1. Within the stretch 169-189, can you find the residues that are closer than 20 Å to Leu85 by Cβ and in contact (Cβ under 8 Å) with a residue 60 or more places away in the chain?
2. With the structure loaded, tell me whether Thr21 is modelled with pLDDT of 55 or more, more than 16 Å from Ala120 (Cα to Cα), open to solvent by 30 Å² or more (accessible area, probe 1.4 Å) and not in a loop (DSSP other than H, G, I, E, B) or whether it fails that test.
3. Take the residues of the stretch 82-115 that are assigned to a helix (DSSP H, G or I) and of a type in the set (Gly, Ala, Ser): which is farthest from Ala147 (Cα to Cα)?
4. Considering only residues of the stretch 178-189 that are loosely packed, with under 15 Cβ neighbours inside 10 Å, part of a helix (DSSP H, G or I) and not acidic (Asp, Glu), which is nearest to the chain's Cα centre (by Cα)?
5. Checking Ala125 against (1) modelled with pLDDT under 90; (2) in contact with a Phe, Trp or Tyr (Cβ under 8 Å, 6 or more places away or on another chain): exactly one of these is not met. Which one?
6. Going through the stretch 59-76 one residue at a time, which ones are within 11 Å of Val24 (Cα to Cα) and open to solvent by 30 Å² or more (accessible area, probe 1.4 Å)?
7. With the structure loaded, tell me whether Ser173 is closer than 21 Å to Ser75 by Cα and in contact with an Asp or Glu (Cβ under 8 Å, 6 or more places away or on another chain) or whether it fails that test.
8. Hey, does the stretch 162-177 have a residue that's open to solvent by 50 Å² or more (accessible area, probe 1.4 Å), in contact with a Lys or Arg (Cβ under 7 Å, 6 or more places away or on another chain) and closer than 30 Å to Ala67 by Cα?
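The values are calculated or read from the model by the stated rules, or taken from the named source; none is laboratory data. Source: prediction; values computed, not measured. So basically every Cβ, Gly included, is an ideal-geometry build from the backbone, and we count neighbours across all protein chains shown. Heads up: the accessible areas ignore ligands, DNA and RNA and are worked out on the full protein's heavy atoms, side chains in. Shrake-Rupley method; radii C 1.70, N 1.55, O 1.52, S 1.80 Å.
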Amino acid sequence: MTERRTASISSRKQPQQARSTELVSAILDAAVQVLTREGAQRFTTARVAEKAGVSVGSLYQYFPNKAAILFRLQSDEWRQTSGLLRDILADAARPPLERLRRLVHAFIRSECEEAAVRVALNDAAPLYRDAPEARQARAAGEGIVEAFLREALPSASDATRAVAGELITTTLSAVGKEFSESPRTPAEIAAYADAMADMFCAYLRSLGRR
């Protein structure tokens, strides 16, 4: 069962030439448009190929089915999020709580800017969320948060830091998703992010005093 799931969401091959790279890029751009306009339920390889202006056969050279396309979109998003976490949380030039505040603002802005894609990908998640590749991608982000919390809470136990990391990441993800489902102004985004950051910072301060 696991082997079939792994094969079904893995790309068949990686583009090696500029023309192939452009083809894959066109397919992924088209996939985003189809996904955001028609939703996960009506997302098909045929619709993506038509939107990209390529044959279904050309699409299948790189993606065996729609689950592989959706996982590629999701894994790209996970890599971007991991990069965001790493760039902000590993910035040793800033105090830990300042980094956490900057992360909350950046994350909420990102959620709002890409809300349509994120909501649609969440609807499609059952196709790939339990695959080994998905678990590995999520683990990368978790490792960045763990390293940050070891620095921010040096005297806390591993168990305490683990709970803190899960609470922060789960809350950011769940609340950010719900908040971004409605159109928001820059002022609303900033105010909401400030409020979340205040809560997280107060929480870490309280843990640090224990």
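1. Restricting attention to the stretch 169-189, the residues satisfying the condition of being closer than 20 Å to Leu85 by Cβ are 169-177, 179-180, 189.
The answer is Leu172, Gly176, Lys177, Phe179, Ser180, Ile189.
2. So Thr21 passes the test.
3. Ala115
4. So in the stretch 178-189, the residues loosely packed, with under 15 Cβ neighbours inside 10 Å come out as 178, 181-183, 185-188.
Still in the list and also part of a helix (DSSP H, G or I): 178, 186-188.
From what is left, the residues that are not acidic (Asp, Glu) are 186-187.
Values: Pro186: 21, Ala187: 24 Å.
Top of the filtered list is Pro186.
5. For Ala125, the failing item is (2).
6. Of the residues in the stretch 59-76, the ones within 11 Å of Val24 (Cα to Cα) are 59-63, 69, 72.
Selection gives Tyr60, Gln61, Arg72.
7. no
8. Among the residues of the stretch 162-177, at least one is open to solvent by 50 Å² or more (accessible area, probe 1.4 Å), in contact with a Lys or Arg (Cβ under 7 Å, 6 or more places away or on another chain) and closer than 30 Å to Ala67 by Cα, which makes the answer yes.
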